[in-house]
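Derivation of every value follows stated rules applied to the coordinates shown; laboratory data play no part. Model, not experiment: these values are computed from the prediction. So basically every Cβ, Gly included, is an ideal-geometry build from the backbone, and we count neighbours across all protein chains shown.
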Amino acid sequence: MRRAFSVVCVVLVGLLVGAPTGTAQAERLVGVGTTTMTTLVEQWRVGVPSLAYSGIGAAAGLAEFDAGRADFALSESTAAQAGVPTTRPLRYVPIAAQGISVVYNVSVRGVRVQGIRLSTATTAKIFTGAVTRWDDPAIVAENSDITLPPLPIRPVVRAEATSTTARFTDWLDSTQPALWQTACPGCGATSTYPSLPGITAVPGAIGVGNYARQTNGSIGYLERSYGQALNLPQATLRSGAGVYVAPTTDTVQVGLGQARQLADGSIDYRPVHTGPTFGAYPLVMHVYLVVPATVGSEIQRFARYALCEGQAGGLALGMTPLPQARVSASAAALGISCGPARPTQTLGTEVEAGELLMSVEAGGVALPSPVMSPDGSILTTSGRLRTITITDTRAGDPGWSLSGQLTDFTSPSGTIARSNAAWTPMVLEQAPGQVITPGAVTDLSTARVLAVAARGAGTAKLTARLDLWVPTSTYAGDYTAVLTLTAI
């Protein structure tokens with residue numbers, strides 16, 4: 001049978017202006033560097049309409065800047081980290097930032113597993129080949145509430161040198177040096193991922209994302225903006241504070257605030273990796289505005305808009321605004337100020353807390369009398385749960401989870417174990433904008449998830465098909481069980 005493969009290509013870049021040639025002219029501000037920033041720089045051109053920016057890659061941009069063919073470069077790494085020799089005096093000024101997500105694709109019977117938690121030790125073992133299956137005890141121990149399949153892990157990394165790899169390997173090296181140095185002696189933080197058994201390397205962030213989307217069991221690392229655009233699940237990582245932290249705008253910003261800025265303006269991320277600050281996401285990355293020792297007025301105009309007015313523009317792209325303290329430090333380094341404040345008005349409204357409500361259609365569920373299977377080995381019956389209605393009016397749309405816990409079926413004649421029952425969850429109705437995923441088709445031997453709402457504001461109706469297998473040795477009688485539903 002011929003199989004059809006599809007490639008999803010999410011482009012986070014806008015217009016690519018051709019790489020500049022010759023010396024940058026005074027009336028035209030020329031910038032080069034990382035492709036990640038192309039769309040955001042297009043927004044920031046409001047400050048300097050004459051700006052021409054080429055997303056040619058961070059390393060290539062640093063080389064162009066050093067050769068004098070650009071007025072500035074944008075890069076997530078310093079020239080030394082990118083392996084680019086420089087002769088031109090330069091400075092690094094943080095101007096943008098985002099998180100790095102550990103993305104994965106683990107599906108059971110076509111349903112994606114959500115909410116996987118990983119410590120640095122487990123992540124290091126996965127990306128060095130020491131842990132090779134999703135049901136490995138190390139992963140199960142951190143995810144006791146999730147059913148993980150006996151599926152091979154397929155790690156994927158960037159094939160080329162990249163700042164994202166440098167930040168990711170720096171995290172592994174600073175938090176798990178023994179594991180990392182054993183797998184890659186002398187590597188430390190490296191922008192090119194080492195060739196290790198069982199690790200697949202593909203070019204480009206989109207290449208990593210497409211591999212992850214198409215490969216069940218895959219796991220990789222991406223800029224949060226790409227992971228968000230590709231709609232890939234993102235792991236919750238254990239921080240230096242010993243808590244699991246998801247990559248959100250707020251947690252990434254807290255993490256950015258823990259990084260230490262060095263004398264040349266570059267950033268030391270190790271305090272973020274190991275620091276005890278609660279709520280700090282540990283994998284973060286700045287974008288540097290790389291400028292000469294003396295900056296001109298056009299660069300100052302561009303940077304003033306980017307720092308003082310343009311930070312929020314990256315939110316829709318998965319970027320994170322710099323903490324205010326870093327905005328102030330970057331502005332001061334360039335000899336600019338974000339003041340004086342413009343005239344403002346304060347607007348206010350009270351958002352009521354709202355509530356999460358659940359109701360169940362009246363009546364019980366009467367399953368038909370079990371019938372013998374064709375081979376005579378078991379009796380079977382099936383039915384459907386009464387409709388469950390969930391209404392969520394809470395502020396902030398935090399989402400919800402609906403689970404069920406079944407008792408054994410009992411009668412004076414005997415017991416039918418609850419493990420003989422299974423359900424197939426179904427979403428009957430959902431409101432516009434709701435994102436609801438039905439739970440897995442599974443037995444009811446323990447508490448099981450019926451549905452999870454990533455965005456649950458509004459009203460949804462749910463149910464589940466219920467199947468019951470009755471041993472032929474079961475005595476006749478009326479058997480009953482109780483299903484307790486919990487919505488949180």
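Below is a table of values for the structure above.
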quantity	calculated
Loop sites in the stretch 182-284: chymotrypsin sites (Phe, Trp or Tyr not before Pro), DSSP, at most 13 other Cβ within 10 Å	PHE278
Segments 466-477, 126-137 sorted - mean Cβ within 10 Å per residue, highest first	126-137, 466-477
Nearest-0.05 FRET efficiency for ARG465 and ALA353, computed from C-beta distance (R0 41 Å)	0.70
For peptides 105-111, 312-318, sequence by mean Cβ density within 10 Å, most packed first	312-318, 105-111
For ASP392, ASP268, order by how many other beta-carbon atoms lie within 10 Å, fewest first	ASP268, ASP392
Relative contact order (percent, whole number), the chain, Cα cutoff 8 Å, 6+ residue spacing	14 percent
Test item: Cα-centred dipole of the chain, Lys/Arg +1 and Asp/Glu -1 on Cβ, debye	580 debye
Cα-based Rg / Dmax (Å) for the chain	27.2, 93
Antiparallel %, DSSP beta bridges [both residues in the stretch 100-241], to 5	55 percent
Likely footprinting exposure, LEU322, LEU90, fewest C-beta neighbours within 10 Å first	LEU90, LEU322
SER403, SER225, SER75 arranged by Cβ crowding within 10 Å, fewest neighbours leading	SER403, SER225, SER75
In nm, spacing of pseudo-spin labels at ARG112 and ALA178 (7 Å Cα→C-beta vector)	3.6 nm
Ordering of 442-450, 283-291, 49-57 by packing [mean C-beta count within 10 Å, highest first]	283-291, 49-57, 442-450
Cα-only radius of gyration and Dmax that characterise the stretch 100-241, units Å	13.9, 42
Cα Rg over Rh - the stretch 356-487, Kirkwood	1.04
Mean Cα-pair separation over length for the stretch 100-241, i.e. relative contact order, pairs under 8 Å, 6 or more apart, %	40 percent
Contact order relative to length of the stretch 380-450, as percent, for alpha carbon pairs under 8 angstrom and 6 or more apart	33 percent
Residues in the stretch 139-182 that a label on SER445 would reach, taking backbone N under 20 Å of a point 7 Å out along Cα→Cβ	139-151
